[in-house]
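> One structure, pasted below without further comment.
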Amino acid sequence: MTESIRRIGLSLGADLCWPVYYEDIVTELDLALDLGGEKIRFDIERVTIEPFDLTQPVKYDLVMDRLSPWYPTTREWIKKAVVMDGLYTLNNPFTFQSMQKHTSYVAMMRLGLPVPKTWMLPPRDYEEGPDLGITLESYAQMFDLRDIGEKVGYPAFLKPYDGGAWVGVSRIDSYEDLQAAYDSSGTRVMHLQEAVEPFDLFVRALGVGPQVNSMRYDPGAPIHDRYKVEFDFLDADEWQRMEDVALIINGFFGWDFNSCEALRRDGILHPIDFANANPDSQVTSLHYHIPWLVKALIRWSLFCAATKRPMRMATDWEPYFEIADSGGSDGERIKDMAAIARAGFAHLEFASFCDTYLDDLDEVTWTYFGEDRAKAAVKHKVGAIFPAHEVDRFTDHFWGLLEFWRATERDRLDALV
Ligand SMILES: Nc1ncnc2c1ncn2[C@@H]1O[C@H](COP(=O)(O)OP(=O)(O)O)[C@@H](O)[C@H]1O
Ligand SMILES: [Mg+2]
């Protein structure tokens with residue numbers, strides 16, 4: 001049998017913990033898959049940044065990329081590699097570059113999801129440019145901010161149309177707040193969005209390929225304590241709905257790795273933020289939940305690399321629009337659209353790949369998160385973001401949550417036997 005190596009590149013910035021877990025666990029699995037008449041092994045490597053000839057082939061089959069959203073050299077290297085060398089990458093740089101939060105709002109409104117009422121505002125200030133004066137004098141309409149505030153209603157949120165990391169987000173309770181926040185928004189194009197309040201639940205769902213994990217989230221807590229360790233915050237129907245909605249968004253845009261935030265008001269889950277090209281993946285925020293993420297990334301990346309999953313550069317929206325326009329109840333349409341998304345993520349082939357080749361993954365991961373090297377990676381990350389005098393305390397805190405994960409995971413695995 002011929003041996004074939006699949007090369008996986010990790011394109012990283014400040015991520016210090018999950019790549020170590022990923023590399024250690026994949027090494028521990030020591031895989032040699034009998035697939036398609038070949039013996040497939042994996043080679044994992046950190047991608048470096050360097051000048052490149054546009055015709056120079058790329059050695060990777062798949063790149064897990066955390067840089068493209070903000071580092072243009074890497075983004076353009078990856079785009080070249082997708083177009084010229086058949087690279088598969090998480091996430092698709094083409095759709096993430098062109099479709100930001102705003103596009104995700106309008107697309108999901110078009111599909112009938114309950115996105116809160118949202119207005120777009122032209123920017124308060126402009127960078128000078130040669131054609132700017134005549135454009136604005138000819139066409140920019142004066143508008144009454146008070147009127148728009150009343151149409152959206154208070155409370156509301158003023159936030160950048162392409163936002164991320166809570167930058168420039170203001171809660172607005174009155175016209176005076178709106179005026180002040182808009183006046184200080186500078187050159188950013190902003191959304192004014194109806195607040196989903198009072199909400200009784202904030203959920204963040206992480207999606208990796210066809211896999212989704214929903215977590216309760218508390219946006220008011222300190223960063224290390226926002227993801228909650230709770231298990232019964234959604235009933236079975238809501239859990240399914242959250243998974244379906246996250247998959248619809250990710251399938252529609254071709255995003256392999258994304259997070260979706262939703263707020264529940266009067267029993268309805270309203271998606272508010274779901275174009276996150278670099279979902280939070282740090283042990284210092286995900287703690288108990290990080291083993292789920294690491295396993296999900298391992299499964300999906302190995303599946304895509306091993307089976308040479310083709311990268312889709314373009315998206316195919318028509319099937320979703322057809323369902324959106326087909327009548328039927330909201331529930332039926334969501335189920336049908338989620339089925340398209342699952343098929344797009346090859347969920348059946350993926351499940352069978354995991355059953356056949358990755359049956360050790362749960363146990364290997366369980367053992368790994370009890371080892372000193374896993375704890376050392378936690379400490380390394382904590383050391384990078386906490387003051388020196390807090391490093392030991394917070395390392396113990398996150399490690400304690402991982403020990404708790406091991407206890408609950410042990411129960412889960414024993415129940416499966
Ligand atoms: N429509 C809304 N209703 C209630 N809270 C909101 C709304 N929009 C934003 N927020 C609050 O502001 C935070 C940041 O807004 P979000 O849209 O998630 O921006 P970012 O992309 O910067 O994370 C949210 O996590 C939430 O706490
Ligand atoms: Mg957010």
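The values are calculated or read from the model by the stated rules, or taken from the named source; none is laboratory data. These numbers come from a predicted model, not from an experiment. Cβ placement follows ideal geometry from the backbone for every residue including glycine, while neighbour counts extend to all protein chains displayed.
> So which residues in the range 109-160 are among the aromatic types (Phe, Trp, Tyr), within 35 Å of the chain's Cα centre (by Cα) and not in a loop (DSSP other than H, G, I, E, B), if there are any at all?
Hits for the range 109-160 are Trp119, Phe157.
> Let me ask something else. Out of (1) closer than 27 Å to Glu318 by Cβ; (2) assigned by TED's automatic domain parsing to the domain that holds Arg146, the odd one out for Leu111 is which?
(2)
> Scan the range 136-144 and tell me whether some residue there is buried (at least 17 other Cβ atoms within 10 Å of the Cβ), of a type outside the set (A, V, I, L, M) and over 30 Å from Lys295 (Cα atoms).
The answer is no; no qualifying residue exists.
> Still on this model: Could you count how many residues in the range 245-268 are crowded, with 23+ Cβ neighbours inside 10 Å, away from ligand 2 (no atom under 14 Å from the Cβ) and assigned to a strand (DSSP E or B)?
1
> In the range 28-58, which residue that is surrounded by fewer than 10 Cβ atoms within 10 Å (Cβ to Cβ) and β-branched (Val, Ile, Thr) is farthest from Glu371 (Cα to Cα)?
Thr55
> Go through (1) in a loop (DSSP other than H, G, I, E, B); (2) out of contact with any Lys or Arg (no Cβ under 9 Å at 6 or more places or on another chain) for Gly13 and report which single condition fails.
(2)
> Would you mind finding the one in Pro155, Pro160 that is farther than 30 Å from Ser301 by Cα, at pLDDT 95 or above and within 16 Å of ligand 2 (Cβ to nearest atom)? Let's see the steps before the verdict.
Details: Pro155 fails: within 16 Å of ligand 2 (Cβ to nearest atom).
Exactly one of Pro155, Pro160 is farther than 30 Å from Ser301 by Cα, at pLDDT 95 or above and within 16 Å of ligand 2 (Cβ to nearest atom), namely Pro160.
> Can you find a residue in the range 164-174 that is buried (at least 21 other Cβ atoms within 10 Å of the Cβ), part of a strand (DSSP E or B) and either within 14 Å of ligand 1 (Cβ to nearest atom) or among the charged types (D, E, K, R) (or both)?
Here is the first cut: in the range 164-174, the ones buried (at least 21 other Cβ atoms within 10 Å of the Cβ) are 172.
So of that shortlist, the ones also part of a strand (DSSP E or B) come out as 172.
In the following step, the residues that additionally are either within 14 Å of ligand 1 (Cβ to nearest atom) or among the charged types (D, E, K, R) (or both) were identified as 172.
The answer is yes; a qualifying residue exists.
The rows are residues; the columns are (1) within 24 Å of the chain's Cα centre (by Cα); (2) touching a residue at least 12 places away in the same chain (Cβ under 8 Å); (3) surrounded by 14 or more Cβ atoms within 10 Å (Cβ to Cβ); (4) under 30 Å from Leu33 (Cβ atoms).
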| position | (1), (2), (3), (4) |
| --- | --- |
| Leu348 | yes, no, no, yes |
| Cys354 | yes, yes, yes, yes |
| Asp362 | yes, yes, yes, yes |
| Thr365 | yes, yes, yes, yes |
| Ala374 | yes, yes, yes, yes |
| Val382 | yes, yes, yes, no |
| Val391 | no, yes, yes, no |
| Leu402 | yes, yes, yes, yes |
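> Let me confirm something: among Ile44, Ile78, which residue is under 23 Å from the mean Cα position of the chain (by Cα) and free of Cβ contacts under 8 Å to residues at least 40 places away in the same chain?
Within the list Ile44, Ile78, the selection yields Ile44.
> Any idea which of Asn258, Asn250 is touching a helix residue (DSSP H, G or I) at 6+ places or on another chain (Cβ under 7 Å), at pLDDT 95 or above and within 14 Å of ligand 1 (Cβ to nearest atom)?
Among Asn258, Asn250, only Asn258 is touching a helix residue (DSSP H, G or I) at 6+ places or on another chain (Cβ under 7 Å), at pLDDT 95 or above and within 14 Å of ligand 1 (Cβ to nearest atom).
> For the range 305-324, give me the residue count where each residue is part of a helix (DSSP H, G or I) and in contact with a Lys or Arg (Cβ under 9 Å, 6 or more places away or on another chain).
Of the residues in that region, 6 qualify.
> Something else now. Among what's in the range 178-205 and is closer than 24 Å to His270 by Cα and among the charged types (D, E, K, R), pick the residue that is nearest to ligand 2 (Cβ to nearest atom).
For the range 178-205, the residue satisfying everything is Arg204.
> Would the range 225-238 turn up any residue that is more than 13 Å from ligand 1 (Cβ to nearest atom), under 30 Å from Met311 (Cβ atoms) and touching a helix residue (DSSP H, G or I) at 6+ places or on another chain (Cβ under 8 Å)?
no
> Could I ask something else about it? Across the range 70-90, what is the number of residues that are touching a Pro at 6+ places or on another chain (Cβ under 8 Å) and in a loop (DSSP other than H, G, I, E, B)?
Within the range 70-90, residues that are touching a Pro at 6+ places or on another chain (Cβ under 8 Å) and in a loop (DSSP other than H, G, I, E, B) number 1.
> Sort out which residues of the range 266-285 are under 15 Å from Thr395 (Cβ atoms) and either in the same structural domain as Val106 (by TED's automatic domain parsing) or within 16 Å of ligand 1 (Cβ to nearest atom) (or both), and write them in order of number.
Gln282, Ser285, listed by residue number.
> While we're here: For Phe42, all conditions in the list (1) farther than 30 Å from Thr395 by Cα; (2) part of a loop (DSSP other than H, G, I, E, B); (3) not acidic (Asp, Glu) hold save one; what is the number of the exception?
Only one criterion is unmet by Phe42, namely (2).
> Could you please find all residues in the range 222-273 being out of contact with any strand residue (DSSP E or B) (no Cβ under 8 Å at 6 or more places or on another chain), in contact (Cβ under 8 Å) with a residue 24 or more places away in the chain and farther than 23 Å from Ile323 by Cα?
Correct list: Ile223, His224, Val229, Arg265.
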